[in-house]
1. Project the alpha carbons of region 447-520 onto their principal axes and report the range along each, largest first, in whole Å.
2. Probe 1.4 Å, all protein chains in place: accessible area of residue 280 in Å², nearest 10?
3. Obtain the nm distance between the two label points defined at residue 527 and residue 410 by a simple spin-label model: each point lies 7 Å from its Cα along the Cα-to-C-beta direction.
4. Please give the length that would be gained between residue 317 and residue 56 if that part of the chain were fully extended, namely 0.36 nm times their separation in residues minus their C-alpha to C-alpha distance (nm, one decimal).
5. Per residue, what volume in Å³ does the convex hull of the Cα atoms of region 501-574 enclose?
6. Amide H to amide H under 5 Å from residue 515: which residues, 5+ apart in sequence or cross-chain, H placed 1.01 Å off N in plane?
7. Distance in nm between label sites at residue 477 and residue 381, each 7 Å beyond Cα in the beta-carbon direction?
8. Tell me the per residue accessible area of the chain using a 1.4 Å probe; a whole number in Å² is fine.
Amino acid sequence: MLSIDVCRRILQRPLTGYADVVEHTAAFAAETGISKPMQRKLHEMLRLALAVRDADGDDLVDELVLDDIPNYGRSVRAVLLRAGMLRLLPEPLESQHPQRTRKPRTARRPRPRRTITPRSCQQCGCWFTAKLRNVCELCSSFSFRKTVKLPVSTGTCERCHRGDLPLADGHCRGCRWHMANYGQGDVARFGTQLWFGSPVPAPTSLRGTHVAPPALRRPVSEHLTIPGQERLFELRRDWRRVAGLDRQDLPALPDSAQRLLADLDSVMKQEMWSKAPATKTRRTLLVLVSWLGADAPLLESDIRALVDNRPLKFSGRRVTQFLETRGLLIPDAEFRRDAHQRRLEAELAALPETIAQELSVWIKVVRGEGKWEHTGRTYTSIFRYWHVLDPVLTRWLADGVESLREITRDDVKKAIATRKGTPARSIHIVLRNVFRALRQERVIFRDPTRGLVFAGIDKIPPSVPSDRLAGVLSHAQDDFQRFVMVLVCVHALSGTDIRRLLLTDLDLSRERLVVRRPGKRHIIYLDELTYRCASAWIRERHRRWPVTTNPHLLINRWTAVDTTHSSIGTTFTNIFRPTGLTMPTLRQDRIRDEAFEVDDPLHLMRLFGISSQTAMRYITAAHPERTAKLPR
């Protein structure tokens, strides 16, 4: 239905011929004497008519469109006639061929157009849509059955006590449908469940042999979602009883649900999903479409609620992506929020109100939304700061601090003194960031970290004995782990570099690998070992996921089918646990070993793509006698 709200949404839409219509409206107003406000309202109705014309791809406005205009239909018709933009309805046969009429007839008023409206059936009470009928189709067929052996009479129903209804066995159709679904013991009750019609006619006899007992038949779910059906109110479904049902206990699948499951099976076969995630994904989609159907989009909140009941039995991530690519998902904004943002909000909610408000201001400033706008940090970076800040806040709260305004310079020094080396420097950096932001937003009057200097840390990179490095590659269990270990132990790549590698960055024909870093690129020339490991991984990647669209070089069974093309997580570093060493330790030992062989910092910068300061730090660790200061 067209309304004023629709007109407001299309105010900026260009409409062909609208300027001519405005001129004719002014002439029409001069003849009829309508006011300026009336002209503005008439312009809005004309915009609606022209918008419908453009949507239909027509040059003229159909006269039937004027029935949908909410106001001033006659004036709109007159203006469009003046502008020559209205297509009139065809005249009756008598007016077109007056010689065929035998006698003049009086003019008849045009019959009003009937529109389909929702209404309640006068017999069973269910809701349906129609133009003229007041009885649904199933009740009409129930009243005029010819193939039923039982006679259909009109009278008072023995259950609901309503009169003048078609009866069979003494009950109306609505009561028979109710008893067929809720059992014979419900006959004594007068109430009837509110329903929106039945997909199949009600049984003609409760004793008939043609109606299978409930234990032997699997009816279609009564909760199927209908396209375009609006929700009365927002309420999250409780899937606890459904999550424990077996396959044979679920409702029968509609045709659309069967086609959707077949589509999922073809996708899993084409993309060669592993057995465990494929089984969980299909089970999750089966439960959803058996209860809700597949004709209308499903709520993401329903998928989350189902998975939360049985996390080991269901899998919601792949189902969500599968439905979203096919336009059958209604996203939930709450679940799409950043995970670190939700965790920060939960942490702030557990703090006292005053400190929580102050830290909320700090987060707002770091995000770039403070007094001086700047490029903000991500919630992931802010959460790293929170890891350092949380122990300090816990200690201050235990001492009775109720606001960050109470923190003094001595409190900051004590917090830094609880750690040594890099952890102490991290506390200094985070506290300085917090109090500077609060001082900037005028939340505190003085910054307790102002002028506080923390001495630099000259940490010597660790050295790993040769006997421990000898068997690192022997711990690799597949081509993925072997390739990652070579990238770390031979080319000293960090975890971030490895996760960001793209498939197009590897050029086996030229034996090169391009490492993309912010503002620069680092080219690695592959040696024989790295070339063999890279070739083996490419073959394994194509064998397991031949049709994946993920552009990253390193993928796993989750990211291979991820439609968002995300990179692998940081948990891939766990492959170094059997070696007893960490990935940063192995990377630093590789750079230090090269610094022992060649005491040239430029060589380290070209080979590993590191900065000049980092290169000099490794040269100092490898050759302290060459970089020591001369005595005075």
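The values are calculated or read from the model by the stated rules, or taken from the named source; none is laboratory data. Since this is a predicted model, take the numbers as computed values, not measurements. Counting neighbours? That spans all protein chains shown, and the Cβs are built from the backbone with ideal geometry, glycine included. In case anyone asks, the SASA skips ligands and DNA or RNA and just uses the protein heavy atoms, side chains included. Shrake-Rupley method; radii C 1.70, N 1.55, O 1.52, S 1.80 Å.
1. Principal extents (largest minus smallest coordinate, Cα): 56, 37, 20 Å.
2. The accessible area of residue 280 comes to roughly 60 Å².
3. Here the answer is 5.8 nm between the modelled labels.
4. That works out to 90.0 nm of additional length.
5. Each residue corresponds to 114 Å³ of Cα convex hull volume.
6. 522, 523, 524
7. Result: 3.6 nm between the two label points.
8. Result: 61 Å² of accessible area for each residue.
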